[in-house]
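Undergrad: I'd like to ask some things about the structure below.
The values are calculated or read from the model by the stated rules, or taken from the named source; none is laboratory data. Keep in mind that this is a model prediction, so the values were computed, not measured. With ideal geometry, Cβ positions are generated from the backbone for all residues, glycine too; neighbour counts draw on all protein chains shown. These area figures cover heavy atoms from the full protein model, side chains too; ligands, DNA and RNA do not enter into them. Shrake-Rupley method; radii C 1.70, N 1.55, O 1.52, S 1.80 Å.
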Amino acid sequence: MTLIKEYFQIALRSLTRRRLRSWLTMIGIFIGIAAVVSLISLGQGMRSAVYDTFERMGSDKLMITPKTQFGPPGANTGYVPLVESDLDFLEGISGVQAVSGYVMSSARIEFQDSVRYYSVVGIPTEPERLNLIIDIFATDIAKGRNLEPGDTFAAVTGFYHNERGLYAGKNIQLNNKFFINDQKFYLAGVFEPIGSSQDDSMIIIPMDSFRKVTGIEDRIDFIVVQGDEETLNDLADVVTRSLARHQGVNVDDVGFNVQTPEDLLSTLDTILNIVQGVLIGIALISLFVGGIGVMNTMFTSVMERNKEIGIMKAVGAKNSDILYLFLIESGLLGLVGGLIGIFLGVGFAKLVEIISTQALGKTFLVAHFSWGLFLGALAFSFVLGAGAGTLPAVQAAKHKPADTLRDE
Amino acid sequence: MTSKAKPLIEIQDVWKTYTMGDNKVHALRGLNLTVYKGEFLAVMGPSGSGKSTAMNMIGVLDRPTTGSIKLDGKDISKFSESGLATLRGKKIGFIFQKFNLINTLSAKENIMLPLIFQGVNAVERERRANELLKLVELEDRQNHKPSELSGGQQQRVAIARALAVNPEVILADEPTGNLDSKTGGTVMDFLKKLHKENGTTIVMVTHDEDTAKVAERVEVLRDGQIIPKSK
Ligand SMILES: Nc1ncnc2c1ncn2[C@@H]1O[C@H](COP(=O)(O)OP(=O)(O)OP(=O)(O)O)[C@@H](O)[C@H]1O
Ligand SMILES: [Mg+2]
């Protein structure tokens, strides 16, 4: 193994001699590597987008949500439901700085004789509660204004209602009138794109008006409690126990979850990990198949080159020299495949980024690339190639030169 | 040969048996042959008599089934496979009937190949290859692939390759077998010159009486044995 550079040159020669076959063999590798690279970079991007959102919401807030089985908000779960008066109760707990919440339901939306059904969210309009819940939405107003104290039949919506022609091709413009369950509202403001069709087609109206048009009394679907960042975990305990007592149920049987931002983040992280893990698992299967392809090609190559191996041995190549030559050759197949895979993966991730930006109207998903990822992918593909070439290389190394040089 | 000449390769009672299914083929049946340093030996014999097998033994390309082979006084059965490869790379230069060049490498690279396996550095390889290209008069063909060379030119590249490591002995198995008599003649001239001017030991297998005349000594093989000379 004294002259590695020469070995690489010789290996490269035999690969370029069988150019077409080398390319075909590498397809398996580079598809797999492209998938892994794009999935990891997009996954990282998604993760940091989630973290950003949480950062904006702040790390000093607890989220209280009803425990639900699968079903629409307010479906009967047998638990004591959260109600609007709980907000007042929670405000009285020491350590709680502010409380807010919202209620949500599907409603009939009518605009210029076109009727659609969307989720409508009712939020409090008392100044402090209003501000807190706006914080939670963590999105800015693109046009017009946010809801303000004193609003009654004003609505703020996701940008779909304003740009996507949801109503027979027409958009609700600022100050246009439209109907929610036959009650006239006007569009006071439009949110910046958020990144999911559900959020971006949301309609937000004052709580009192919500109760009037939907007939839903008291129920609340989400409560946010602002406390002190340092003591948030303790506050979560206190809130759980107090609210349970207030509802008259045992702490273990409460119908709600109290989550800290940490809890939520780790939940989201777990979900992301699972999704990414499954996808990368699939990509790894394709890499495995790619490895089999390399092995197959190398076996063929060894068979075809019996004579060449014999010649090399006749001029002094040791078994180990032949072994290295073939290992380097298959490693190169992997490495070049990996290199192309990285380029393809970056291209694909960028494509997803661009398409998602255009679809959502906002840069939500930014692919994150790192040298670690690239180097890791390269090292992995070389090792994969060399690994797949091990058996063929061992076979090549064991050739008896006298047998292959015979029969001239 | 004078009795003062030192033996380079000593083959004693060597049998080589190939087993093909139930059949046993005895390619060599108790071969005794000594190659002396500096001699030019020709081996003749009918097809299938074991000439190539004997060459493989002399070149430690293969091991005998039984019997002993000594190279420079060292018993080759004591060597590991990689030990034999190193020995072969250092001391032996092969020339084959079908040239056996590597098609992906240029003439010059083919000549440098044995030096690579000996771990010779690039500068020295280059120098040695140029020297040999000049010797075989192929300087203007150094970057050609074997497929772009005539048979005679290919065989000259093969000779240069065999000489690259300055081997103790050149083993040529019917070196002119694939060449017309004229190109065969030039190849023989090279071997003759090598032997005369450099004192290289040469063992050559040939069918051709005239070719064999170039050698100082001729041995005849039949059925895996040297036919004793009637004196
Ligand atoms: N690897 C092998 N397996 C089986 N039989 C073999 C093998 N190598 C040689 N033989 C047999 O051994 C005998 C001698 O073969 P060898 O090649 O040495 O003959 P040769 O004298 O070189 O013949 P030619 O002049 O045709 O080249 C032949 O009968 C051949 O079939
Ligand atoms: Mg022969």
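Undergrad: With +1 assigned to the C-beta of every Lys and Arg and -1 to the C-beta of every Asp and Glu, and no other charges, what is the dipole magnitude of the protein assembly as shown about the Cα centre in debye, to the nearest 20? Write down the numbers at each step before the final one.
TA: On the way: 66 positive and 71 negative charges, 1027 e Å.
About 4940 debye.
Undergrad: Given the protein chains as shown and a 1.4 Å probe, how many square angstrom of B:TRP15 are accessible, to the nearest 10?
TA: 90 Å²
Undergrad: Please build a GNM for chain A, connecting alpha carbons under 10 Å apart, and tell me which residue among A:ALA349, A:ALA34, A:ALA396 fluctuates the most.
TA: The residue with the greatest mean-square fluctuation here is A:ALA396.
Undergrad: If you take the charge dipole of the protein assembly as shown about its Cα centre, with +1 on Lys and Arg Cβ and -1 on Asp and Glu Cβ, which of A:PHE153, B:MET55, A:GLN395 is farthest toward its positive end?
TA: In the protein assembly as shown, that residue is B:MET55.
Undergrad: OK, next. Just in segment A:313-402: which trypsin sites (Lys or Arg not before Pro) are loop by DSSP and have at most 13 other Cβ atoms within 10 Å? Let's see the in-between values first.
TA: Values: sites: A:LYS313, A:LYS318, A:LYS350, A:LYS362, A:LYS398; in loops: A:LYS318, A:LYS362, A:LYS398.
Listed in order of number, the matching sites are A:LYS398.
Undergrad: Report, for the protein assembly as shown, the % of DSSP beta bridges that are antiparallel, rounded to 5. Intermediate results must be reported in sequence, preceding the final value.
TA: On the way: 55 of 80 bridges.
Around 70 percent antiparallel, to the nearest 5.
Undergrad: Just to be sure I understand: of the beta bridges DSSP finds with both ends in segment A:130-269, what percent are antiparallel, rounded to 5? Present the calculation step by step, with values, prior to reporting the outcome.
TA: Working: 10 of 14 bridges.
Around 70 percent of the beta bridges assigned by DSSP in segment A:130-269 are antiparallel ones.
Undergrad: Measure off, as a whole percent, the carbon and sulfur share of the 1.4 Å-probe accessible area of chain A, all protein chains present. Let's see the in-between values first.
TA: Numbers: 11210 of 19080 Å².
That share works out to 59 percent.
Undergrad: Between A:ASP113, A:ASP221, A:ASP200, where does the largest GNM mean-square fluctuation fall for chain A, given springs only between Cα atoms within less than 10 Å?
TA: Ranking A:ASP113, A:ASP221, A:ASP200 by mean-square fluctuation puts A:ASP113 first.
Undergrad: Now for a separate question. So what's the angle, to the nearest 10 degrees on a 0 to 90 scale, between helix B:181-193 and the longest Cα principal axis of chain B?
TA: 80 degrees
Undergrad: Setting aside same-chain residues fewer than 8 positions from B:LYS74, which lysines have a Cα under 18 Å from its Cα?
TA: B:LYS6, B:LYS37, B:LYS90, B:LYS91
Undergrad: Compare A:LEU39, A:LEU375, B:LEU61 by solvent-accessible area with a 1.4 Å probe and give them largest first, with all protein chains kept in place. Write out the running numbers ahead of the final one.
TA: On the way: A:LEU39 40, A:LEU375 110, B:LEU61 10 Å².
Sorted by accessible area, descending: A:LEU375, A:LEU39, B:LEU61.
Undergrad: Here's another thing I want to ask about it. If you put +1 on each Lys and Arg Cβ and -1 on each Asp and Glu Cβ, how big is the dipole of segment A:68-254 around its Cα centre, in Debye rounded to 20?
TA: Numbers: 14 positive and 28 negative charges, 213 e Å.
Taking the Cα centre of segment A:68-254 as origin, the dipole is about 1020 debye.
Undergrad: Can you check what the net charge comes to around A:ASP135, using other residues whose Cβ is under 9 Å from the Cβ of A:ASP135 (Lys, Arg +1; Asp, Glu -1)?
TA: Working: positive: A:ARG56, A:LYS61; negative: none.
After counting each charged neighbour, the total is +2.
Undergrad: Give the accessible area for B:HIS144 in Å² (nearest 10); use a 1.4 Å probe, count only protein heavy atoms, and leave out ligands, DNA and RNA.
TA: 60 Å²
Undergrad: Now for a separate question. Compute for chains A and B the buried accessible surface, both sides summed, probe 1.4 Å, and express it in Å² to the nearest 100. Present the calculation step by step, with values, prior to reporting the outcome.
TA: On the way: alone 20400 and 11730 Å², together 29560 Å².
Rounded to the nearest hundred, the buried surface is 2600 Å².
Undergrad: Rounded to the nearest 10 Å², what accessible area does B:SER47 show when all protein chains are kept and the probe is 1.4 Å?
TA: Probe radius 1.4 Å; accessible area of B:SER47 about 110 Å².
Undergrad: How big is the equivalent ellipsoid of chain A along its three axes, where each semi-axis is √(5λ) from the Cα gyration tensor, reported in whole Å from largest to smallest? Working shown, then result.
TA: Details: eigenvalues 812, 121, 53 Å².
Output for chain A: semi-axes of 64, 25, 16 Å.
Undergrad: Further, regarding this structure: Looking at segment A:73-175, which trypsin sites (Lys or Arg not before Pro) are DSSP coil and have at most 16 other C-beta atoms within 10 Å of their C-beta?
TA: Numbers: sites: A:ARG108, A:ARG116, A:ARG129, A:LYS143, A:ARG145, A:ARG164, A:LYS170; in loops: A:ARG145, A:ARG164.
For trypsin sites (Lys or Arg not before Pro) across segment A:73-175 that sit outside H, G, I, E and B with at most 16 neighbouring Cβ atoms in 10 Å, the list reads A:ARG145, A:ARG164.
Undergrad: While we're here: Does anyone have the angle between helix B:107-117 and the longest principal axis of chain B? Alpha-carbon axes, 0 to 90°, nearest 10?
TA: Once rounded, the angle reads 60 degrees.
Undergrad: Whenever you get a sec, line up A:ASP208, B:ASP189 from highest to lowest accessible area (probe 1.4 Å, protein heavy atoms). Intermediate results must be reported in sequence, preceding the final value.
TA: Working: A:ASP208 110, B:ASP189 80 Å².
Largest accessible area first, the list is A:ASP208, B:ASP189.
Undergrad: Would you mind checking A:LYS5/A:LYS307; B:LYS134/B:LYS182; A:LYS398/B:LYS78; A:LYS307/B:LYS229 for any pair whose Cα atoms are more than 25 angstrom apart?
TA: Numbers: A:LYS5/A:LYS307 23 Å; B:LYS134/B:LYS182 21 Å; A:LYS398/B:LYS78 19 Å; A:LYS307/B:LYS229 37 Å.
Cα-Cα > 25 Å for A:LYS307/B:LYS229; rest within.
Undergrad: May I pose another question? Add -39500 (n - 2.57) for each DSSP H run of 4 or more in the protein assembly as shown, then divide by its residues: what number comes out at 222 nm, to the nearest 500 deg cm²/dmol?
TA: Details: 21 runs with 304 residues, N = 639.
So the helix-based figure for the protein assembly as shown works out to -15500 deg cm²/dmol.
Undergrad: In degrees, nearest 10, range 0 to 90: what is the angle between the Cα axis of helix B:81-91 and the longest Cα principal axis of chain B?
TA: On a 0 to 90 degree scale, this one is about 60.
Undergrad: Here is a further query. In what order, largest first, do A:ILE194, A:ILE93 sit by accessible area if the probe radius is 1.4 Å?
TA: On the way: A:ILE194 45, A:ILE93 20 Å².
Highest to lowest solvent-accessible surface, that is A:ILE194, A:ILE93.
Undergrad: Considering only DSSP beta bridges whose two residues both sit in segment B:7-226, what percent are antiparallel, to the nearest 5?
TA: Details: 20 of 37 bridges.
Around 55 percent of the beta bridges assigned by DSSP in segment B:7-226 are antiparallel ones.
Undergrad: Next up: Under 10 Å, Cα contacts only: if you run a Gaussian network model on chain B, which one of B:ALA129, B:ALA160, B:ALA85 comes out with the highest mean-square fluctuation?
TA: B:ALA85
Undergrad: May I pose another question? I'd like to verify something in chain A: which complete DSSP H helices, judged by Cα projection on the helix axis, reach 27 Å or more and average at least 1.0 on the Kyte-Doolittle scale? Don't skip to the answer; put the middle values down first.
TA: Working: long enough: A:19-57 (55 Å, 0.77); A:261-304 (63 Å, 1.24); A:319-360 (60 Å, 1.45).
Qualifying helices: A:261-304, A:319-360.
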